[in-house]
1. Kindly establish whether Ala90 is of a type outside the set (S, T, N, Q), surrounded by 12 or more Cβ atoms within 10 Å (Cβ to Cβ) and either more than 13 Å from the chain's Cα centre (by Cα) or over 17 Å from Ile6 (Cβ atoms) (or both).
2. Could you check the stretch 29-59 and list, in sequence order, the residues that are of a type in the set (A, V, I, L, M, F, W, C) and either closer than 16 Å to Gly81 by Cα or not in a loop (DSSP other than H, G, I, E, B) (or both)?
3. Mind checking which residues of the stretch 27-48 are among the small types (Gly, Ala, Ser) and either at pLDDT below 95 or within 11 Å of the chain's Cα centre (by Cα) (or both)?
4. So which residues in the stretch 9-27 are surrounded by 15 or more Cβ atoms within 10 Å (Cβ to Cβ) and either outside any helix (DSSP H, G or I) or without any contact (Cβ under 8 Å) to a residue 40 or more places away in the chain (or both), if there are any at all?
5. Among the residues of the stretch 64-85, is any more than 20 Å from Met1 (Cβ to Cβ) and part of a strand (DSSP E or B)?
6. Please count how many residues of the stretch 28-44 are touching a residue at least 24 places away in the same chain (Cβ under 8 Å) and in contact with a Phe, Trp or Tyr (Cβ under 8 Å, 6 or more places away or on another chain).
Amino acid sequence: MPKLAIVATITTAPGKRDEYMKHLRAHGERCRATEPGTLGFEILVPHDQPDSIMLYELYASGEAFDAHWNGPSIQQLRKEGEGLFVSLKATRCDLVE
């Protein structure tokens with residue numbers, strides 16, 4: 001079974017990227033520490049898009065991603081990020097090794 005990669009772009013409310021980033025960083029740390037199927041969680045900040053954040057996430061399987069997506073850490077992020085987050089666009093990819 002191939003590993004699942006997610007490439008995502010998050011749009012934050014205008015001027016709220018840094019505030020949202022604090023919660024997103026904590027979420028990434030929790031995921032790596034408590035979700036065995038989460039193999040990577042990288043946060044990227046575009047130079048020319050002040051209200052955007054990009055993510056590269058790597059999961060052991062689709063099931064591992066489902067556990068992440070429905071898990072307690074992302075629920076906490078959704079609650080903490082309320083009012084800071086505008087949209088999420090994500091693409092699921094198979095990792096070619």
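The values are calculated or read from the model by the stated rules, or taken from the named source; none is laboratory data. Quantities reported herein were computed from a predicted structural model and do not represent experimental measurements. Cβ coordinates were reconstructed from backbone atoms using ideal geometry, including for glycine residues, and neighbour counts include every protein chain displayed.
1. Numbers: of a type outside the set (S, T, N, Q): yes; surrounded by 12 or more Cβ atoms within 10 Å (Cβ to Cβ): yes; either more than 13 Å from the chain's Cα centre (by Cα) or over 17 Å from Ile6 (Cβ atoms) (or both): no.
Criteria not met by Ala90.
2. Applying the first criterion (of a type in the set (A, V, I, L, M, F, W, C)) to the stretch 29-59 yields 31, 33, 39, 41, 43-45, 53-55, 58.
Residues satisfying the conditions are Cys31, Ala33, Leu39, Phe41, Ile43, Leu44, Ile53, Met54, Leu55, Leu58.
3. Within the stretch 27-48, the subset among the small types (Gly, Ala, Ser) is 28, 33, 37, 40.
Correct list: Gly28, Gly40.
4. Thr9, Ile10, Thr11, Thr12, Lys16, Arg17, Met21
5. Yes; the residues of the stretch 64-85 include at least one that is more than 20 Å from Met1 (Cβ to Cβ) and part of a strand (DSSP E or B).
6. The first filter runs over the stretch 28-44 and keeps only residues touching a residue at least 24 places away in the same chain (Cβ under 8 Å), leaving 30-31, 34-39.
Keeping just the survivors that are in contact with a Phe, Trp or Tyr (Cβ under 8 Å, 6 or more places away or on another chain) gives 31, 37-39.
Count: 4.
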